[in-house]
Amino acid sequence: MIEWLTDIFSTLQGWFFEAVVQPLVFAVGLGGWTEDAFDATGWLLVGAIQIVVLIAIIGPLQRWRAVEPVVDRQAIRIDVLYTLIHRLGLFRLAIFFTLQPFFDDAMGSLRTAGWGTFHLDEVWPGVTDVPVFAFAIYLVVLDFVGYWIHRGQHQFNWWWGLHSLHHSQRQMTMWSDDRNHLLDDIVHDTLIVVVAQLIGVAPGQFIAFVAFTQLSESLQHANLRLSFGRLGERLWISPRFHRLHHSIGLGHESNGKSTLGGHNFGVLLPWWDMMFGTANFENRYDPTGIRDQVEPAADGHVRDYGRGFWVQQWLGLKRMVGRG
């Protein structure tokens, strides 16, 4: 099944590249970048497919079983902008031109020093190298890494200063997953890419992992009253499980007001929350956001996280250095 889907995607990517992207690349005088443009075409197609799924499937689900009425469409429009920037490859394109040379030099230096890539799918020949099993192994390993990255985003003051932008959305929808500070995304994606490189995730498998993860996270953030049941909740993260992570005073605080931490940090699998004592399976659908948005500080003011894209990015930098 995976090989069949991969073949279809590869055919579509090749056709779109030859018909649209490659002529455009040569027209603007960037013929030396055709290989990179081909990779970018893959990310563009993956993002376009995801957006179609959001609109055609998850959107109707939200309207069918909404947790709360939509009262702030401006906030949702900004989240749509974040989604388009990330899913259609604009963010990755910026990363490629600014940071990719440093990544390549660093990985080259590691290999020169004798730190070769460890191919996790070669541990048990005939089993772990079967595509579906290899994908499952990489998914579990990278999800474990994602859990600890997420814990870090909630544990360190500077990182929470950036990540709190994601939690400041009071009108949660399927578009909210990509509402992140750009610097937060750079740190997160760098760590995931480094681990993926070190354990030997192939480029095609990595694209599939990212696409699969992003779609699942879009569902988790949806304005959708949906639980997977007692057993299912312990196998895969549901919208109900993740909404609690965004709940005011529950998802971002471990020990009460003004403490860092929270519950339900898992990205795809709730196993790590269960294993490390951060799971909360209460069947509740609370208002989302951050406590300091709704409870005045000693001076009577509530914290402003911004309404527009650039304002949100600027305020995040200020919070990171303790000035916001």
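For the reader, a short list of remarks on this structure follows.
- Residue match in the range 299-309 (condition: free of Cβ contacts under 8 Å to residues at least 12 places away in the same chain and either β-branched (Val, Ile, Thr) or in a helix (DSSP H, G or I) (or both)): yes
- Residue in the range 177-184 that is over 23 Å from LYS318 (Cβ atoms), open to solvent by 10 Å² or more (accessible area, probe 1.4 Å) and touching an Asp or Glu at 6+ places or on another chain (Cβ under 9 Å) present: yes
- Count of the range 273-283 residues, restricted to those that are open to solvent by 80 Å² or more (accessible area, probe 1.4 Å) and either polar (S, T, N, Q) or in contact with a strand residue (DSSP E or B) (Cβ under 9 Å, 6 or more places away or on another chain) (or both), is 1.
- Options ALA202, ALA136, ALA211; residue that is open to solvent by less than 30 Å² (accessible area, probe 1.4 Å) and either out of contact with any strand residue (DSSP E or B) (no Cβ under 7 Å at 6 or more places or on another chain) or farther than 22 Å from ILE95 by Cβ (or both): ALA211
- Of residues in the range 243-272 being open to solvent by less than 20 Å² (accessible area, probe 1.4 Å) and among the aliphatic types (A, V, I, L, M), the one farthest from ALA66 (Cα to Cα): LEU269
- Evaluating ALA196 against the criteria (1) within 16 Å of the chain's Cα centre (by Cα); (2) surrounded by fewer than 19 Cβ atoms within 10 Å (Cβ to Cβ); (3) over 19 Å from VAL53 (Cα atoms); (4) modelled with pLDDT under 95 leaves one unmet condition, (2).
- Filter pass, LEU93 being at pLDDT below 70 and in a helix (DSSP H, G or I): yes
- For ARG240, the criteria (1) open to solvent by less than 10 Å² (accessible area, probe 1.4 Å); (2) over 19 Å from MET172 (Cβ atoms); (3) charged (D, E, K, R) hold in every case but one, which is (2).
- Within the range 55-65, the set of residues being open to solvent by less than 30 Å² (accessible area, probe 1.4 Å) and touching a Leu at 6+ places or on another chain (Cβ under 8 Å) comprises ILE58, GLN62.
The values are calculated or read from the model by the stated rules, or taken from the named source; none is laboratory data. Computed from a predicted structure; not experimentally measured. Neighbour counts run over all protein chains shown; Cβ positions are idealised from the backbone, glycine included. Accessible surface areas use protein heavy atoms only, side chains included; no ligands, DNA or RNA. Shrake-Rupley method; radii C 1.70, N 1.55, O 1.52, S 1.80 Å.
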